[in-house]
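Read through the structure below, which is laid out as structure tokens, and then see the notes.
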Amino acid sequence: MPLRSSRAMLVTALAVAAVSPAALTALAVPAAAENSTTVVSRGVEIPEFYNPPPTLPEADGDLVRTEPLPLGIGLTIPGIGSLPGTATRVMYKTTDNNGAPAAVTGAYIEPFARWGGAGDRPLVVVAPGTMGQGDQCSASLGLERPIFFNGRTVSVGYEDIGIYRLLARGVAVMVTDYVGLGATDRLHTYVDRVDGGHAVLDAARAARHVPDASVTNASRVALYGYSQGGGATGSAAELHPTYAPDVNLVGAYVGAPPADLRATARGIDGSALVAALGWTINGLAQSNPELRPILDENLNRAGKAALEDLSTACVADGIVRYPFRRSSSWTVSGESLDDVIEREPTVGAIIAEQKIGTIAPRIPVRLATGTEDDIVPHAQARQLAVDWCGQDAQVTYKAVVLPDLGDGLITNHITPLLVDQTAAINWVTDRVKGVAASSNCSTLPRQP
């Protein structure tokens with residue numbers, strides 16, 4: 001079987017949304033997990049591997065445990081190897097936004113394809129788009145079962161397409177599940193700037209410790225993410241010099257980043273993906289307990305029930321159960337969540353802390369945004385490029401110009417990901433090959 005055809009094995013995958021979103025905070029109910037306890041989420045037994053131990057390693061990026069990960073789409077040829085590669089499920093240590101240790105799960109894949117570039121085999125850390133908030137939704141489980149349905153939940157490993165395309169180029173891939181997605185001890189802190197950035201950078205560190213991995217301390221590392229993933233890679237690019245200077249980071253693809261959560265909240269409210277508002281609220285309340293009494297006061301019974309339901313939902317579940325819902329139907333006063341942010345200074349301050357764009361990355365970044373994206377709004381993503389360029393960052397800005405494919409339907413958000421994916425992967429591959437990056441900041445005023 002020709003090596004390059006291994007990515008064609010992927011044929012599939014309902015790109016159900018790679019989003020990331022919006023704002024606030026709320027009552028989060030993390031699953032308590034002991035290492036020997038089986039956690040069940042919407043009828044799905046989460047493998048005990050995902051239960052963190054009581055004590056974690058001291059160093060960020062150190063491994064907690066590993067085990068073989070069977071790929072749902074792959075082929076093992078006796079005496080030759082596995083296509084597209086050999087996967088290892090991992091759990092590693094990171095530091096959360098409160099400075100506390102946290103366990104993060106994910107997957108490392110050693111590619112079958114040979115690396116044809118100079119130097120040690122490079123690594124690309126993939127930061128997934130929106131998967132949901134239930135532990136069954138994690139990207140590492142999506143590699144094992146690309147499409148899962150049990151009547152109570154639907155999960156789709158839509159990131160597998162990009163992952164397999166990178167593997168076909170001989171690049172090792174590390175996928176992070178983020179803080180609390182997969183790992184059963186806490187709720188996923190969805191679109192949290194610091195948690196996302198740290199999880200991505202510590203994934204790069206963890207990859208070096210995976211048994212039989214060919215990546216080394218000298219391996220070039222690039223980041224790849226769209227939507228929630230674009231926010232995480234953008235954050236990681238900003239935090240890299242102070243948090244993980246030991247990672248040989250050479251570039252970051254930052255696709256459709258939710259750099260401004262309040263602006264993103266406005267885009268999501270009333271759309272097919274309003275569920276993402278609930279995941280954001282739950283995640284912020286997980287990290288900021290001072291938000292819970294504010295939410296308790298402002299959310300009505302329907303709002304509280306929706307947040308509890310969404311805490312175990314995957315992205316497809318959210319789309320099916322809460323399409324085009326207005327956040328005003330979740331509040332006691334009938335105000336939108338944006339109105340609540342406006343009048344609650346505590347909430348506004350927490351949202352402001354999530355903004356990406358206040359620190360200039362010291363590595364090349366490629367920022368892509370669909371000009372008609374109304375879910376993770378184009379204007380705020382473009383503003384991130386403006387902010388970074390204004391701080392002399394090396395930015396390749398790509399406006400993906402497409403017709404309007406339907407307001408609030410997610411199509412304006414997903415389509416740019418698919419249209420631009422080859423160019424994004426080419427750009428990332430050039431960075432790990434050592435090809436110098438250019439910047440088009442000077443042309444930004446003339447670009448949409």
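Residues W388, W279, W115, arranged from fewest to most other Cβ atoms within 10 angstrom of their Cβ, appear as W115, W388, W279. The Kirkwood hydrodynamic radius of segment 38-142, based on inverse pair distances between different Cα atoms, is 15.9 Å. When the label point is put 7 Å from the Cα of R152 along its Cα-to-beta-carbon vector, which residues of segment 284-319 have a backbone N closer than 20 Å? Within reach of a label on R152, which here means backbone N under 20 Å from a point 7 Å along Cα→Cβ, segment 284-319 contributes 305-319. If you run the Gaussian network model on the chain, springs between alpha carbon atoms under 10 Å, then out of G151, G106, G129 the most flexible one is G151. With bins 5 Å wide beginning at 0, the percent of Cα pairs of segment 223-335 falling in each bin runs 2, 11, 17, 20, 18, 12, 9, 6, 3, 1, 0. If you plug the beta carbon distance of A118 and S442 into 1/(1 + (r/R0)^6) with R0 = 41 Å, you get a FRET efficiency near 0.85.
Counting only other residues whose beta carbon sits under 13 Å from that of P122, what net charge do I get with K and R as +1, D and E as -1? Show your work: numbers first, answer last.
Working: positive: R114, R121, R169, R208, R220, R431, K433; negative: E110, D120, D430.
Around P122, the charge tally is +4.
Quickly rank 322-329, 270-277 as a protection proxy: mean count of other C-beta atoms within 10 Å, highest first. Don't skip to the end; give the middle numbers.
Working: 322-329: 18.0, 270-277: 28.1.
So the peptides 322-329, 270-277, ranked by packing, come out 270-277, 322-329.
Mean residue ellipticity at 222 nm from the helices of the chain, using -39,500 (n - 2.57) per DSSP H segment of n ≥ 4 over the full residue count, to the nearest 500 deg cm²/dmol?
Helix contribution divided over all residues of the chain: -9500 deg cm²/dmol.
Rounded to whole Å, the principal axis extents of the Cα atoms in the chain read 64, 57, 40, largest first. Spin-label model, V332 to D62: label points 7 Å out along the Cα-to-beta-carbon direction sit 4.6 nm apart. Counting 0.36 nm for each residue step from R343 to A302 and taking away their Cα separation leaves a gain of 12.6 nm.
Using the Cβ-Cβ distance between N217 and Q391 with R0 set to 30 Å, the FRET efficiency from 1/(1 + (r/R0)^6) comes to roughly 0.55.
With the convex hull drawn over the C-alpha atoms of segment 94-218, the volume per residue is 108 Å³.
Taking N282, N97, N426 in turn, the Gaussian network model of the chain (Cα-Cα springs below 10 Å) assigns the largest fluctuation to N426.
For the peptides 37-45, 197-205, 427-435, the ranking by packing is 197-205, 427-435, 37-45, with the highest mean count of neighbouring Cβ atoms within 10 Å listed first.
Beyond 16 Å, what share of the Cα-Cα pairs of segment 154-263 remains, rounded to the nearest whole percent?
Details: 3643 of 5995 pairs.
Result: 61 percent of Cα pairs exceed 16 Å.
Taking 7 Å steps out from each Cα toward its Cβ at E353 and V401 produces label points 4.1 nm apart. The Cα-based radius of gyration and maximum Cα-Cα distance (Dmax) for segment 208-281 are 16.0, 48 Å. Beyond 17 Å, how much of the Cα-Cα pair distribution for segment 273-395 remains, as a whole percent? When all Cα pairs of segment 273-395 are counted, 65 percent exceed 17 Å. Working note: Debye formula, equal point scatterers on the alpha-carbon atoms of segment 348-448, no solvent; log10 I(q)/I(0) at q = 0.13, 0.23 Å⁻¹ is -0.51, -1.25. For segment 291-352, a Kirkwood radius taken over Cα pairs fed into Stokes-Einstein (10 °C, viscosity 1.306 mPa s) yields D = 128 µm²/s.
Distance from the alpha carbon centroid of segment 46-92 to that of segment 145-193 works out to 13 angstrom. One way to sum up the overall shape of segment 327-400 is the equivalent ellipsoid from its Cα gyration tensor, whose semi-axes run 30, 16, 7 Å, largest first. Along each principal axis, taking the top coordinate minus the bottom one, the Cα set of segment 82-165 gives 45, 37, 19 Å in descending order.
Throughout, read-outs are computed from the coordinates displayed, never taken from laboratory work. Fair warning: this is a prediction, and the values are worked out from it, not measured in the lab. Methodologically, a virtual Cβ is constructed for each residue, glycine included, from the backbone with ideal geometry; neighbour enumeration extends over all protein chains shown.
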